[in-house]
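Here the structure comes first, spelled out in structure tokens, and everything after it is commentary.
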Amino acid sequence: MELHISLQGRKGLAEQLYQQLRDGIDSGRLAAGTQLPPSRLLAEQLGVSRKTVAEAYSRLTYDNLLSGQVGKGTFISPSPTRTPAPTAAIPLASAATLAKWRARANPLADLKLPTLRYDFIGGASSKVQFPFDDWRRCNQYALRQIRHSSARYSAHQGLPELREAIARHIAFARGVRCSSNDVLVCNGAQQALDLIARVLIEPGCQVAMEDPGYTPARQLFLAQGAELQCVPVDAEGMCVEQIAAGARLIYVTPSHQFPLGMPMSPARRQALLARAAQLGAIIIEDDYDSEFRYEGRPTDSLQSLDRNGLVAYVGTFSKTLLPELRLGYCIVPEALREAICIAKQLTDWHTPTLNQWALAQFIGEGSLLKHIRRVHEVYAARRERILARLQGDLAPWFEVVPATAGYHMSALARGNLDVEFLISMARKVEVGLYSLAPFHARVPVRQGLLLGFGAIELLDIDPALDRLRDTLQAMG
């Protein structure tokens, strides 16, 4: 790779080269420790004499900006960090639009990797449980497939092999009715939500979603110009009768309501499908972590009950595998398929092929189901321990919301407990807690905690909850 230098004319070349290199060093574009090309090579690249390059290098060395290392070459010298000169502030025509984006609320953006000793972060799985050896073998298989394929972009809808594997997996595990042609592979569930929003939402159109609900979805719909209908939830899930006329899109988490956790009742599911049919609305069924079920009979997915082609079923492997893999999918209704595939192609052409081949092999050889069964036992034990404590010595402060799936649960605060103050005090004793408040839009905020148990080890739960109890007692 050539060093970018642009010389003009045939006069003062050494001075031009000196000034451009100095400007690059002063601005930080050429970082300390960077090796410069040998003078002979740079002279050939620029079409100048070697003496010209040597003169510029010599001046920079005299200024202590370059240093030579015998047998290695010429390097940019370490120096104090220089602040680039500020650019002239020009009022942007898009300033108001940029301000709206900066104002978008997203509480999950602050949920970084745990830094506390005990952390009940939601939506994070345990890397200790991830089958790295199996995944490494599948990646080696993927590299072999890519090596023997043509050097071209892949199918924007996803590799046929992975789409077929996903269709078989969700038919087996969730009763979803689909073929590989219905599957769109995405960069996580969030991209699936974005693609649906792109093709359905126009400024001013109405979108109904649960309140409290998944804030990134809410902000995504608002960013597309939607007017939100914030529909409250009760013990049976979304209050369908409150979905107003005019809704074009309905977003719901029926298997494990986010963030509260209760499942939507069968009667409420049928009512939701009937209401969507009345309105001609598309339903997004976000089935983000229902692979982990601990009690009760499995409930049918909305997609499997849909007879009108109105449900877009969105799933992810971030919860079963790792969020870093950014692998998700959408079972696209036929009416949306062509538009969404075009939007996917225009957005990023296709999801990285290496991970697609690896996941197809991982599912095909049975490693995914094996992994789910193994971590299910781990999560079940953690869930039981947290439930026992919340229904035991922590019961005076919290009421558990019944949840039968996933790897987070919600605990509603009793009385006048100051949850935000509790969270700040718990952090002082190395316990990470998270409030339900940021997930509310308009309905009265239910004070409480979202307790994730995907990333905290079983042996850490009791010590962490002991500290929580002691903090509560100290708060009086």
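The values are calculated or read from the model by the stated rules, or taken from the named source; none is laboratory data. Since this is a predicted model, take the numbers as computed values, not measurements. Glycine gets a Cβ as well: all are built from the backbone with ideal geometry, and neighbour counts include every protein chain shown.
Six or more apart or on different chains, Cβ atoms under 7 Å: show the pairs whose first residue is in the range 62-73 and within 15 Å of residue 32 (Cβ to Cβ) and whose second is among the charged types (D, E, K, R) and surrounded by 12 or more Cβ atoms within 10 Å (Cβ to Cβ).
Listed pairs, sorted by first residue: 65/22.
With respect to residue 351, is the statement that it is surrounded by fewer than 24 Cβ atoms within 10 Å (Cβ to Cβ) and more than 26 Å from residue 262 (Cβ to Cβ) true?
On the way: surrounded by fewer than 24 Cβ atoms within 10 Å (Cβ to Cβ): no; more than 26 Å from residue 262 (Cβ to Cβ): yes.
Here the answer is no, as residue 351 does not meet what is asked.
In the list 329, 379, which residue meets the criterion of being under 28 Å from residue 409 (Cβ atoms), aromatic (Phe, Trp, Tyr) and either outside the structural domain of residue 250 (by TED's automatic domain parsing) or in contact with an Asp or Glu (Cβ under 9 Å, 6 or more places away or on another chain) (or both)? Show your work before the answer.
Numbers: 329 fails: either outside the structural domain of residue 250 (by TED's automatic domain parsing) or in contact with an Asp or Glu (Cβ under 9 Å, 6 or more places away or on another chain) (or both).
Among 329, 379, only 379 is under 28 Å from residue 409 (Cβ atoms), aromatic (Phe, Trp, Tyr) and either outside the structural domain of residue 250 (by TED's automatic domain parsing) or in contact with an Asp or Glu (Cβ under 9 Å, 6 or more places away or on another chain) (or both).
Would you point out which residue out of 405, 395 is outside the structural domain of residue 259 (by TED's automatic domain parsing) and surrounded by 18 or more Cβ atoms within 10 Å (Cβ to Cβ)?
Going through 405, 395 in turn, just one is outside the structural domain of residue 259 (by TED's automatic domain parsing) and surrounded by 18 or more Cβ atoms within 10 Å (Cβ to Cβ): 405.
Which of the numbered conditions does residue 316 fail, given that it passes all the others? Conditions: (1) in the same structural domain as residue 147 (by TED's automatic domain parsing); (2) surrounded by fewer than 21 Cβ atoms within 10 Å (Cβ to Cβ).
(2)
Suppose we filter the range 136-160 for residues that are of a type outside the set (Gly, Ala, Ser), modelled with pLDDT of 90 or more and either part of a loop (DSSP other than H, G, I, E, B) or within 21 Å of residue 379 (Cα to Cα) (or both); how many remain?
Residues in the range 136-160 being of a type outside the set (Gly, Ala, Ser), modelled with pLDDT of 90 or more and either part of a loop (DSSP other than H, G, I, E, B) or within 21 Å of residue 379 (Cα to Cα) (or both): 3 in total.
Among the residues in the range 31-39, are any farther than 21 Å from residue 4 by Cβ and not hydrophobic (A, V, I, L, M, F, W, C)?
Kept after step one, since they are farther than 21 Å from residue 4 by Cβ, are these residues of the range 31-39: none.
Scanning the range 31-39 turns up no residue that is farther than 21 Å from residue 4 by Cβ and not hydrophobic (A, V, I, L, M, F, W, C).
How many residues, within the range 6-56, are surrounded by 18 or more Cβ atoms within 10 Å (Cβ to Cβ) and either among the hydrophobic types (A, V, I, L, M, F, W, C) or in contact with a Phe, Trp or Tyr (Cβ under 8 Å, 6 or more places away or on another chain) (or both)?
Residues in the range 6-56 being surrounded by 18 or more Cβ atoms within 10 Å (Cβ to Cβ) and either among the hydrophobic types (A, V, I, L, M, F, W, C) or in contact with a Phe, Trp or Tyr (Cβ under 8 Å, 6 or more places away or on another chain) (or both): 14 in total.
Table: residues versus (1) of a type in the set (A, V, I, L, M); (2) more than 24 Å from residue 117 (Cβ to Cβ); (3) in contact with an Asp or Glu (Cβ under 6 Å, 6 or more places away or on another chain); (4) not assigned by TED's automatic domain parsing to the domain that holds residue 264.
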| residue | (1), (2), (3), (4) |
| --- | --- |
| 410 | no, no, no, yes |
| 418 | no, no, no, yes |
| 427 | no, no, no, yes |
| 441 | yes, yes, yes, yes |
| 444 | no, yes, no, yes |
| 449 | yes, no, no, yes |
| 459 | yes, no, no, yes |
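Out of the residues in the range 231-270 that are farther than 29 Å from residue 296 by Cα and among the hydrophobic types (A, V, I, L, M, F, W, C), which is surrounded by the fewest Cβ atoms within 10 Å (Cβ to Cβ)? Step through it out loud before you land on a result.
From the range 231-270, those farther than 29 Å from residue 296 by Cα are 244-249; that's our starting set.
If we keep only those that are among the hydrophobic types (A, V, I, L, M, F, W, C) too, we end up with 244-245, 247, 249.
Working: 244: 10, 245: 8, 247: 25, 249: 24.
By that ranking, first place goes to 245.
In the range 427-476, what count of residues is obtained for those that are assigned to a helix (DSSP H, G or I), surrounded by fewer than 22 Cβ atoms within 10 Å (Cβ to Cβ) and of a type in the set (Gly, Ala, Ser)?
Count: 2.
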